[in-house]
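The values are calculated or read from the model by the stated rules, or taken from the named source; none is laboratory data. These figures come from a predicted structure and were not determined experimentally. So basically every Cβ, Gly included, is an ideal-geometry build from the backbone, and we count neighbours across all protein chains shown.
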């Protein structure tokens, strides 16, 4: 079931992107005024009805997208009734990483110090000759 909702979610997301990209911008009407009004009266009304339809379709698809995201999120925390436990991902045992984190920080600090020294040496060489 999760796979089906995931596939539908991807299709709806692509359709939402396409619906948004097909809409004309808000400043589109102003460009016709600047260009000398090349569009006819009927062309403008037809464009307006298409924009209105696209706007409604975009709103509906966005609502469906949000609902699908919420459903897929809520399905992750379902309870497995056969075992009586929550269906969660297996946990990895926690190890003491303080030593490795300290070693990594010291190595990074040493690398930064070496880089600063190299830049200072290059600047000194450039200034001298």
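Looking at residue 12 and the list (1) modelled with pLDDT under 85; (2) under 20 Å from the mean Cα position of the chain (by Cα), which single condition is not satisfied?
(1)
Output the residue which, of all residues in segment 66-84 that are more than 30 Å from residue 16 (Cβ to Cβ) and at pLDDT 60 or above, is surrounded by the most Cβ atoms within 10 Å (Cβ to Cβ). Outline the logic, then answer.
Step one: of segment 66-84, the residues more than 30 Å from residue 16 (Cβ to Cβ) are 79-84.
Next, from what is left, pick out any that are at pLDDT 60 or above: 82-83.
Details: 82: 6, 83: 8.
Across segment 66-84, the extreme among qualifying residues is 83.
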